[in-house]
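Q: Quick one: structure below, then a few questions.
The values are calculated or read from the model by the stated rules, or taken from the named source; none is laboratory data. All values derive from a computational prediction rather than experimental measurement. Methodologically, a virtual Cβ is constructed for each residue, glycine included, from the backbone with ideal geometry; neighbour enumeration extends over all protein chains shown. Ligands, DNA and RNA are stripped out before the accessible areas are found, and what is left, the full protein with its side chains, is counted by its heavy atoms. Shrake-Rupley method; radii C 1.70, N 1.55, O 1.52, S 1.80 Å.
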Amino acid sequence: MQERIEQLKAELLALSAQTAQELEELRIKYISKKGLIPQLFDAFKTVPSEQKRLVGQQLNELKELATSRINELRAALAGQGTSHSDIDWSRSAYPTPLGTRHPLTLVQQEITEIFSRLGFSIAEGPEIEDDWHVFSALNFAEDHPARDMQDTFFVSNVPGTLLRTHTSSVQTRTMLSSEPPIRIICPGRVYRNEAISYRAHCFFHQVEALYIDQNVSFADLKQVLLYFAQELFGTDTKIRLRPSYFPFTEPSAEMDISCNICGGTGCNFCKHTGWVEILGCGMVDPNVLENCGIDSKKYSGYALGMGIERITNLKYRVSDLRLFSENDVRFLEQFKGAGR
Ligand code: DAH
């Protein structure tokens, strides 16, 4: 046995391989499961017990030698053909870290996907808007107190120009530029002149939906709302509509969903009511249709709008709005693998 070990050792020290194929053959010959060295380990049983210690040690050394020789040859082969000019010295030594999608993007995509399954297509509009598209066309009278509901950023050197305060302005633009049937979903950023705190920000995100066709009724709206709520928050979710007021819809409503945290039994999040508000909606006011060139005797429609931050808070418990725009990777990394 000892003779054989010495012989193999000499062979290993003299090993060479020109190609990966040759190297692989050597690996199989010496160290694969049925290779020469494992065979010796099998034969070890027959070594007289007084020699076992010494021979065992030599065998282990042989095995280590074989592994390191094969690795050396592999490294030498891999290095072949690498001259200094092939090395890209500007390349980072660290692997490029993979980013994650922003939670607001995840939720926005989930919302638009649900509506796209119902045949809605995405529409977009400018963030720098004019007064007419944001307010006047949507039935906010010049001195209407509803304009006070939204603190607007005006572009001071261009009269009548402002940052849109809601995505409803995309409704205006789409109705003006296309014929019914219209079925659109409009995600986007909006701006309001609010002091920044954990629950208010000067910019945030909304998704608006608009459907205009012949004979669209409030029942259609209600069914879409139920489908949407159950797709987003689970099939156990219940909805409740409360009468409300928006200048551009009549009648108008706000929709609550059964609190997805306590399941409707009451908790701190829903202020022990079992319900949380998530969106505003209603039948498009005939004045709005007419303002946008659509015959209100022939067509009717519904609209709805919601804040993406609020939905994200409900889905992922992000209760401080400021986290969304701080760009802190420790926050963003928590959304790895989230969404669909
Ligand atoms: N634009 C409203 C807001 O920003 C939200 C809204 C309410 C949109 C009712 C709608 C609607 O389309 O029908 O507060």
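Q: What pairs in 238/336; 238/297; 271/336; 9/34; 9/33 have C-alpha atoms more than 25 Å from each other?
A: On the way: 238/336 29 Å; 238/297 34 Å; 271/336 30 Å; 9/34 18 Å; 9/33 18 Å.
238/336; 238/297; 271/336, as the Cα separations exceed 25 Å there.
Q: Starting from the 7 Å offset along Cα-to-Cβ, what nm value, one decimal, do you get for the label separation of residue 227 and residue 74?
A: According to this spin-label approximation, the distance is 5.6 nm.
Q: Oh, and also: So, in Å, what gap is there between the alpha-carbon centers of segment 223-281 and segment 18-44?
A: Segment 223-281 and segment 18-44 have Cα centres separated by 69 Å.
Q: Which ³J(HN,Hα) values, rounded to whole Hz and listed in residue order, are derived for segment 160-167 from phi using the Karplus coefficients 6.51, -1.76 and 1.60 in 6.51 cos²θ - 1.76 cosθ + 1.60 with θ = phi - 60°, glycine and proline given as x?
A: Per-residue couplings from phi come out as x, 9, 8, 8, 4, 9, 7, 7 Hz.
Q: In Å, what Rg and Dmax follow from the Cα atoms of segment 171-301?
A: 16.6, 47
Q: Just read off the accessible area of residue 24 with the full protein assembly in place, 1.4 Å probe, to the nearest 10 Å².
A: Here the residue's solvent-accessible area equals roughly 80 Å².
Q: Let me ask you something else. Unpartnered cysteines of the chain (Cβ-Cβ under 4.7 Å counts as a partner)?
A: 186, 202, 281, 292
Q: Give me the distance in nm between label points sitting 7 Å out from Cα along the Cα-to-Cβ direction at residue 92 and residue 194, one decimal.
A: Once both label points are built, they end up 3.5 nm from each other.
Q: Give me the extension gain from residue 67 to residue 54: residue separation times 0.36 nm, minus the current Cα-Cα distance, reported in nm with one decimal.
A: On the way: separation 13, 0.36 × 13 = 4.68 nm, distance 2.04 nm.
Once the chain is fully extended between residue 67 and residue 54, it gains 2.6 nm.
Q: Also, I was wondering about something else. Ratio to report: Rg/Rh of segment 228-340, with Cα atoms as the point set and Rh obtained by the Kirkwood method; give two decimals. Show your work: numbers first, answer last.
A: Values: Rg = 17.6 Å, Rh = 16.3 Å.
Rg/Rh: 1.08.
Q: In terms of modelled amide H atoms, which long-range or inter-chain residues lie less than 5 Å from the amide H of residue 123?
A: When sequence neighbours closer than 5 places are left aside, the close amide H contacts are 185, 186.
Q: Using θ = phi - 60° and the Karplus relation 6.51 cos²θ - 1.76 cosθ + 1.60, list the HN-Hα couplings for segment 52-60 in order, rounded to whole Hz, with x at every Gly or Pro.
A: Calculated HN-Hα couplings, in order: 3, 4, 5, 5, x, 5, 4, 4, 4 Hz.
Q: Let me ask something additional. Would you kindly derive the ³J(HN,Hα) couplings of segment 284-292 from the backbone phi angles with the Karplus curve 6.51 cos²θ - 1.76 cosθ + 1.60 (θ = phi - 60°), listing them in order in whole Hz, with x for Gly and Pro?
A: Here the 3J(HN,Hα) series is 4, 4, x, 4, 5, 4, 5, 4, 9 Hz.
Q: Quick one: if you take sqrt(5λ) for each eigenvalue of the C-alpha gyration tensor of the chain, what semi-axes come out, biggest first, whole angstrom? Before the final figure, lay out each step's value.
A: Details: eigenvalues 1012, 120, 77 Å².
Equivalent ellipsoid semi-axes, largest first: 71, 24, 20 Å.
Q: Of 275, 89, 132, which has the most accessible area and how do the rest follow, probe 1.4 Å? Each step should come with its number before you reach the end.
A: Working: 275 65, 89 190, 132 100 Å².
From most accessible down to least: 89, 132, 275.
Q: What are the equivalent ellipsoid semi-axes of segment 5-145, built from the alpha-carbon gyration tensor (square roots of five times its eigenvalues), in whole angstrom, biggest first?
A: Numbers: eigenvalues 1075, 100, 39 Å².
One finds semi-axes of 73, 22, 14 Å for segment 5-145.
Q: Determine, from the Cβ-Cβ distance of residue 121 and residue 24 and an R0 of 45 Å, the FRET efficiency 1/(1 + (r/R0)^6), rounded to the nearest 0.05. Please report the intermediate quantities before stating the final value.
A: On the way: r = 56 Å, r/R0 = 1.24.
Step by step, r from the Cβ atoms, then E = 0.20.
Q: Skipping prolines and chain starts, which residues have an amide H placed within reach, meaning under 5 Å, of the one on residue 190, given they are 5 or more residues away or on another chain?
A: 204, 205, 206
Q: Give, as ranges by residue number, the residues of segment 292-326 whose backbone N falls under 15 Å from the point 7 Å along Cα→Cβ of residue 102.
A: Of the residues in segment 292-326, 308-310, 312-313, 321-326 have backbone N under 15 Å from the label point off residue 102.
Q: In nm, to one decimal, how far is the residue 336 label point from the residue 323 one, both placed 7 Å along Cα→Cβ?
A: Calculated label separation equals 1.7 nm.
Q: Just flag the chymotrypsin sites (Phe, Trp or Tyr not before Pro) in segment 176-261 sitting in loop per DSSP whose Cβ has no more than 13 other Cβ atoms within 10 Å. All intermediate terms of the calculation are to be shown ahead of the outcome.
A: Numbers: sites: 191, 198, 203, 204, 211, 218, 227, 228, 233, 245, 248; in loops: 198, 248.
The qualifying sites are 198.
Q: Can you work out D for segment 2-82 in µm² s⁻¹ from Stokes-Einstein, where Rh is the Kirkwood radius over C-alpha pairs, the temperature is 10 °C and the viscosity is 1.306 mPa s? Could you put the intermediate results ahead of the total?
A: On the way: Rh = 13.5 Å.
D = 118 µm²/s.
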